[in-house]
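Written out below as structure tokens is the structure these notes cover.
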Amino acid sequence: MRDKEQDRIKFHSVNDLSAGWYVDKIEKYAFESKQHISINDFFEVYNIELYFHNKFYPKRWNDAKRLEYTKKIKDTYKKWKEEIFIKNINDRNFQTIFNELCFGYQDNFWKLFNDYSLYKNISKDAFKDFLENEPQQISNVIYYKKLVEFFNISIKEFLMQHERAAEIIIDYEEEKNIFLPKSLTSNDKEEIIKRYLSQNTPQCFTYSRFIKNVKNSNSLVLSDKTRLLAKKKYEELNKNLFNEKLGIGISLKVSLDKDQKEPIKEKYSEFEFEISISEQYLKNLEEDIDLFELFEIYFMNYGLINLIAKENNEGFFSSLLSKSKNEYAPNSHIFYTLESNALLIIKIISEYLSKKEESIEEYIDSFVKYLNKHIAPSKLTFTTPSKNTSYLEKTRHLISEFEGILKQYSLFTSEGEIDYDLIHISTNATPFGEIKSRKTKKYVYSISDKLESKKNIFFSKQTWLLPDRKKNDTLYKSFIKEKTTLSDFKEYQRPHIEKLIEDKYLKIDKLGNIEINKPNSMHVLYALYNDNVINYSYCNYYSKKVIDKLIQEEQLMVENKLFTKDEVSYLNFFMNEKEFTDGYKLHNKYAHGSNSFSQEEHEYDYLRIVKLLILILLKIEDDILDT
């Protein structure tokens, strides 16, 4: 029978907030000899030793006491390891000992069971019986390679009938540092997955989406039939979810406004998102290229594409939803709202221009000619599709033009000129991430754990350093909005605030109020938090000084590419399957003739490629011009 777990000491990690509470319990821990030593006593000592190993001691202990108790715990652990653990694990009592174990010590049990090779004391049949009695323990077992290899057949036979084995297989494909038995073949895995797709569990809703999007690999190849089965299961469960009215409807509206003076305006309410475009602005364009000013307002921010998925923009609920490495932004309502609005903006402008017997492609052509003035004598080429062709033909044409412009600009930045003979010989598409920038210091990225920690501490609403009364703020805003002193923080938070003061990110004024001490450093941290990157050209003199210092300290790195890493992922999501299997695959779809027969889908794909053309031209303009 398990004893009272809440009274036991448990080491989670060096960064876990419970560490201080457990360390206080260590001071009260009874070291005197016990008449009966249980398996939980042994693992409690093991956890205390983990605290001491990581230099966690009660504050009141001096060096002598630390040494005394460190030795005492070490000796106790060494003695009990043999008497209580190693010598007692065998076929007869394996299940009994595990049943006595506190839940919180189960992960410790499997680690030591693996590390000390105690699995060799257990027969294959006994281990299989154990898994059948404790099926949830498979999620702990699969983290240990030696253990999985030793019980290879037993674990395979268990997984073949385990109702959640498909989730383990997909987690393995997601590279979650787990191991599967080598005897489990790709065909076995597909059979497990097909059986799993007959379930209607909440987990199946998420994993059916993962299954339809998982990439084929050396360890798993799924047939198109199985992927279709997963797609239908996901759609069925998704439909049931919304039939139960668990979803939230969001209204999107884009319109022309005859009286509006600003080029574009946005209005937000809780479940409504409205964008209005000034008809006067469109009528009064002096040049075709001025239309790109409107696109820049909505599509770009400081030379960065503003439509990409950003994890930091999502709410807490969205952050809890599972996401596969093969998916771009499955849970991001903000991303899909921005995407829908962008397409509606292009659609409305395109329809407005068509009434004037003009096309948006003609405006794109004008913008390309404008860019050519800045790179002469080199020249980007662009041809417009015929006005009367279908959306299908227009999309095919514009995808070719999109790829052609990028190939030309890539040659221009790498060779200094555009060699059309070389372009005609080359049949390979230009990877988005390999196109160079004309600027030697284009983008700046964090490569420092210290900076990553600081930006999350100051700008994440999930930071654990907020005073209680300011739980809906960020730490940065809490210092800006109202007066805050050390007494506003709990005891476990104060050492961390004091460290920020010591590092001069914060300071204390004469009245004891805490203030931001490095405003320019804060601007840099915020930009890194919000965008994961900084466009160096848009920084002011003081922010550049901060950045240059951090580069020298090797906390930031510089890249001179046309696109940021996140922008490369964004373009891959729309154009191909290099990173994601849930994308639009525009190149693959229209180049290989696998496009659908839906005219509505062709129209939306047309709007998508027009949007992408506009974005890459704005990126090229940013790269060519001095900011």
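The values are calculated or read from the model by the stated rules, or taken from the named source; none is laboratory data. Treat the numbers as computed from the prediction; the structure is a model and nothing was measured. Virtual Cβ from ideal backbone geometry, glycine too; neighbours counted across all protein chains shown. Keep in mind that these areas ignore ligands, DNA and RNA; they rest on the heavy atoms of the full protein, side chains included. Shrake-Rupley method; radii C 1.70, N 1.55, O 1.52, S 1.80 Å.
Quick grid of which residues meet (1) surrounded by 12 or more Cβ atoms within 10 Å (Cβ to Cβ); (2) modelled with pLDDT of 95 or more:
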site: Asn388; (1), (2): no, no
site: Lys394; (1), (2): yes, yes
site: His397; (1), (2): yes, yes
site: Phe402; (1), (2): yes, yes
site: Leu406; (1), (2): yes, yes
site: Tyr409; (1), (2): yes, yes
site: Asp419; (1), (2): yes, no
site: Thr427; (1), (2): no, no
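Run Lys407 past the list (1) under 30 Å from Glu279 (Cβ atoms); (2) assigned to a helix (DSSP H, G or I); (3) among the basic types (Lys, Arg) and report the number of the one that doesn't hold.
Of the numbered conditions (1) under 30 Å from Glu279 (Cβ atoms); (2) assigned to a helix (DSSP H, G or I); (3) among the basic types (Lys, Arg), the odd one out for Lys407 is (1).
Within the set of pairs 6 or more residues apart or between chains, which connect a residue that is over 12 Å from Thr484 (Cβ atoms) inside the range 496-509 to a residue that is assigned to a loop (DSSP other than H, G, I, E, B) and open to solvent by less than 40 Å² (accessible area, probe 1.4 Å) with Cβ atoms less than 7 Å apart?
Close Cβ pairs satisfying both conditions: His496/Leu465.
Suppose we filter the range 333-376 for residues that are open to solvent by less than 10 Å² (accessible area, probe 1.4 Å) and among the small types (Gly, Ala, Ser); how many remain?
The number of residues fulfilling the criteria is 1.
What single numbered condition from (1) open to solvent by 80 Å² or more (accessible area, probe 1.4 Å); (2) acidic (Asp, Glu); (3) modelled with pLDDT under 95; (4) in a helix (DSSP H, G or I) fails to hold for Glu175?
(4)
Determine which single condition Lys454 fails, assuming it passes every other condition in (1) part of a loop (DSSP other than H, G, I, E, B); (2) out of contact with any strand residue (DSSP E or B) (no Cβ under 7 Å at 6 or more places or on another chain); (3) of a type outside the set (A, V, I, L, M, F, W, C); (4) open to solvent by less than 90 Å² (accessible area, probe 1.4 Å).
Going through (1) part of a loop (DSSP other than H, G, I, E, B); (2) out of contact with any strand residue (DSSP E or B) (no Cβ under 7 Å at 6 or more places or on another chain); (3) of a type outside the set (A, V, I, L, M, F, W, C); (4) open to solvent by less than 90 Å² (accessible area, probe 1.4 Å) one by one, Lys454 breaks only (1).
Going by the conditions given, is Asp75 outside any helix (DSSP H, G or I), open to solvent by 20 Å² or more (accessible area, probe 1.4 Å) and charged (D, E, K, R)?
no
Have a look at Asn530, Asn520, Asn535 and point out the one that is in contact with a Gly (Cβ under 7 Å, 6 or more places away or on another chain) and either among the hydrophobic types (A, V, I, L, M, F, W, C) or over 11 Å from Ser446 (Cβ atoms) (or both).
After applying the criteria, what remains is Asn535.
Would you confirm whether any residue within the range 256-275 is modelled with pLDDT of 90 or more, closer than 25 Å to Asn576 by Cβ and open to solvent by less than 50 Å² (accessible area, probe 1.4 Å)?
No, that holds for no residue.
Which one of Lys59, Lys72, Lys65, Lys87 is among the basic types (Lys, Arg) and at pLDDT below 90?
Sole residue among the options that is among the basic types (Lys, Arg) and at pLDDT below 90: Lys59.
Given the options Glu357, Glu339, name the one that is among the charged types (D, E, K, R) and part of a loop (DSSP other than H, G, I, E, B).
Matching residue, one of Glu357, Glu339: Glu357.
Might you check whether a residue that is open to solvent by 70 Å² or more (accessible area, probe 1.4 Å), assigned to a helix (DSSP H, G or I), closer than 30 Å to Trp21 by Cβ and without any contact (Cβ under 8 Å) to a residue 24 or more places away in the chain occurs anywhere in the range 84-99?
no
Is there a residue being at pLDDT below 90 and farther than 19 Å from Lys253 by Cα anywhere in the range 292-305?
No, the range 292-305 has no match at all.
Give the number of residues within the range 140-157 that are out of contact with any Ser or Thr (no Cβ under 8 Å at 6 or more places or on another chain) and surrounded by 15 or more Cβ atoms within 10 Å (Cβ to Cβ).
12
Tally the residues that are in a helix (DSSP H, G or I) and open to solvent by 40 Å² or more (accessible area, probe 1.4 Å), restricting the search to the range 158-172.
Qualifying residue count for the region: 3.
Please determine whether any residue of the range 569-586 is open to solvent by 40 Å² or more (accessible area, probe 1.4 Å), in contact with a helix residue (DSSP H, G or I) (Cβ under 8 Å, 6 or more places away or on another chain) and not in a loop (DSSP other than H, G, I, E, B).
no
Considering only residues of the range 23-51 that are modelled with pLDDT of 80 or more and open to solvent by 30 Å² or more (accessible area, probe 1.4 Å), which is farthest from the chain's Cα centre (by Cα)?
His36
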